[in-house]
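> What follows is a structure written as structure tokens; I'll ask about it next.
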Amino acid sequence: MLLLVSCTISLAQQPSSTNDGGCWQVAGQLPHAVSTYGHGLLAAPRNAIRPANLAWELPIAATTGILIATSDDHINRHIQSLTFARDASRGSNIGLGIELGTAGLLYLGGCIHHRSPYAANTGFIALEAMGAANLVTLGIKAATNRQYAYSRNSAGEFWEGGHSFPSGHAATSFAFASVVAHRYPHNVWVKVGAYGLAAGVSFARIGGKKHFASDILVGGTIGYLTGTYLAEH
């Protein structure tokens, strides 16, 4: 609710324009965004070995490895309450729905009658980032085939049937949060609300026994990077 209210206030405070920002005009940016993101993916292997990127990539990779080796199964086995797991899973879906609804509200609310081109572009970029991050996770899921946390006698083994790694909810949520935070860098409440909701959605996937902790870490990282890249390009 905090995020919805903050974004609505921000939309209302944006100056109106009659020269640009129509719904079709904003949506027309999609081919360019697809091309930009494609170039970013092609450049990813080369950029990955740059010292500035290795400074954060190595800790993320090390933490992921530690979680897989020592903590994923342990954390999952400590979640015994079916009611808690069901409520957590439902909560994560509701949170993701709020994010999608907020992005749609920014887009439609901003572009109708050219009310706020900036808000319209923010909403559309957020939707683009959410879709792009989800596509990346689908590709990795297909390649890794990790068991789901809720599977019978699951230990989170890779290439054992399943699409647990990484978490699509975490990737989608942090893609949304990253775009909104980068587009409204001076609105603390929007940033706190966006990242707080993304974290809540992500952790709820662990509580709901839908994913392991390492799934969340990698999914959230993919989402953050995707949102940041599209917001800045």
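The values are calculated or read from the model by the stated rules, or taken from the named source; none is laboratory data. Values in this document were obtained by computation on a predicted structure and should not be read as measured data. Every residue, glycine among them, receives a Cβ derived from its backbone with ideal geometry; neighbour counts consider all protein chains shown. For the accessible areas, the whole protein counts, side chains as well, though only heavy atoms, and no ligand, DNA or RNA atoms are used. Shrake-Rupley method; radii C 1.70, N 1.55, O 1.52, S 1.80 Å.
> Those residues that are farther than 30 Å from Tyr229 by Cβ and surrounded by fewer than 17 Cβ atoms within 10 Å (Cβ to Cβ), I need them from the stretch 136-155; list them, please. Please lay out each step first, then the result.
Here is the first cut: in the stretch 136-155, the ones farther than 30 Å from Tyr229 by Cβ are 147, 150-155.
Tyr150, Ser151, Arg152, Asn153, Ala155, listed by residue number.
> Return yes when Ile66 is open to solvent by 70 Å² or more (accessible area, probe 1.4 Å), out of contact with any Gly (no Cβ under 9 Å at 6 or more places or on another chain), within 29 Å of Val180 (Cα to Cα) and free of Cβ contacts under 8 Å to residues at least 12 places away in the same chain and no when it is not.
Working: open to solvent by 70 Å² or more (accessible area, probe 1.4 Å): yes; out of contact with any Gly (no Cβ under 9 Å at 6 or more places or on another chain): yes; within 29 Å of Val180 (Cα to Cα): no; free of Cβ contacts under 8 Å to residues at least 12 places away in the same chain: yes.
For Ile66, the condition - open to solvent by 70 Å² or more (accessible area, probe 1.4 Å), out of contact with any Gly (no Cβ under 9 Å at 6 or more places or on another chain), within 29 Å of Val180 (Cα to Cα) and free of Cβ contacts under 8 Å to residues at least 12 places away in the same chain - is not met.
For (1) assigned to a helix (DSSP H, G or I); (2) in contact with a helix residue (DSSP H, G or I) (Cβ under 9 Å, 6 or more places away or on another chain); (3) charged (D, E, K, R), each residue gets a yes or a no:
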{"residue": "Leu41", "(1), (2), (3)": "yes, yes, no"}
{"residue": "Leu54", "(1), (2), (3)": "yes, yes, no"}
{"residue": "Ile66", "(1), (2), (3)": "yes, yes, no"}
{"residue": "Asp72", "(1), (2), (3)": "yes, yes, yes"}
{"residue": "Gly91", "(1), (2), (3)": "yes, yes, no"}
{"residue": "Gly97", "(1), (2), (3)": "yes, no, no"}
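> Could you run through the stretch 175-233 and say how many residues are at negative phi and assigned to a loop (DSSP other than H, G, I, E, B)?
9
> For the stretch 99-135, give me each residue that is surrounded by fewer than 24 Cβ atoms within 10 Å (Cβ to Cβ) and outside any helix (DSSP H, G or I).
Answer for the stretch 99-135, where residues must be surrounded by fewer than 24 Cβ atoms within 10 Å (Cβ to Cβ) and outside any helix (DSSP H, G or I): just Arg115.
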